[in-house]
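To start, I am sharing the structure in question, which I have written as structure tokens.
Bear in mind that the values in this text are calculations on the coordinates, not laboratory data. Every value quoted in this text rests on a predicted model; they were computed, and no experiment measured them. FYI the Cβ positions are ideal-geometry reconstructions off the backbone, even for glycines, and counts take in every protein chain you see.
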Amino acid sequence: MTAIGGINLGNLATGLIKKLSSESTDADFSKELSTAAQNDETKINNSSADMVNSLDTTGSGTISKSDWTAGGLSGDTFDTLDIDGDGSVSSNELTYGYYQKRIHSESEDIISKFSTSGSLTATDATAIGMSSSTFNSLDTNSDGKLSATELDAANPQKNMLTKYKALIDGISTSSSSTSSSTSVTA
């Protein structure tokens, strides 16, 4: 399991699985997940900033593709992380990429722990304590199964993707040559 800034991605997935197996209400479950996500944000931001500082050879506050690959990292990963397509990766883009990977890894971990079919059935979900109303609300394609993508969409950390995408777009817009600018703060 991947770790960044001392945060083991498996730890949160294990917590999610334990929570799904407990007798807490769906509201308690969502609140605890949201709290955990908020508590991790500072560590993730610090790790992203540290990575930028360690790879940025020009002092620009971002990582160029040449700095990235000189650090032994994949050019394809750089291209994926360069959300705004400006040829550099900022700490906000690193944080966005981290949350994106983390959310999907957690969903895949939950499915692999409780199902052998690659998705959670209503029976699987009931066995781990998920209410049928929660299952039905997450089953957006109404196929009677929850895919990792459907679980991704329900993860309370998803709001972090929205937040960091807005920060990336704000940075991109304010540095463009257009006359309008957007300011987004965390």
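Residue by residue through region 76-88, what is 3J(HN,Hα) from phi via Karplus (6.51 cos²θ - 1.76 cosθ + 1.60, θ = phi - 60°)? Round to whole Hz and write x for glycine and proline.
Result, ordered by residue: 5, 5, 4, 4, 5, 6, 6, 4, 8, x, 8, x, 9 Hz.
Follow-up. Under 5 Å between amide hydrogens, which residues at least 5 positions from residue 146 or on another chain qualify, with H placed 1.01 Å from N in the peptide plane?
120, 121
Could you give the nm distance between label points at residue 166 and residue 136, where each point is 7 Å from its Cα heading toward the beta carbon?
3.2
If you add up the charges near residue 145, with Lys and Arg at +1 and Asp and Glu at -1, over every other residue whose beta carbon is less than 13 angstrom from its beta carbon, what do you get?
For residues surrounding residue 145, the net value is -4.
Okay, moving on. Per residue of region 150-164, in order, report the coupling 6.51 cos²θ - 1.76 cosθ + 1.60 (Karplus, θ = phi - 60°) as ³J(HN,Hα) in whole Hz, putting x for Gly and Pro.
5, 5, 3, 5, 8, 5, x, 6, 4, 4, 5, 5, 4, 4, 6
A 30 angstrom limit on the alpha carbon distance is what I want to check against. Which of 113/158; 65/113; 65/145 exceed it?
Flagged as over cut-off: 65/113; 65/145.
Another question about this same structure. Calculate, for residue 126 and residue 159, the FRET efficiency according to 1/(1 + (r/R0)^6) with r their C-beta to C-beta distance and R0 41 Å; round to the nearest 0.05.
Computed FRET efficiency for residue 126 and residue 159: 0.90.
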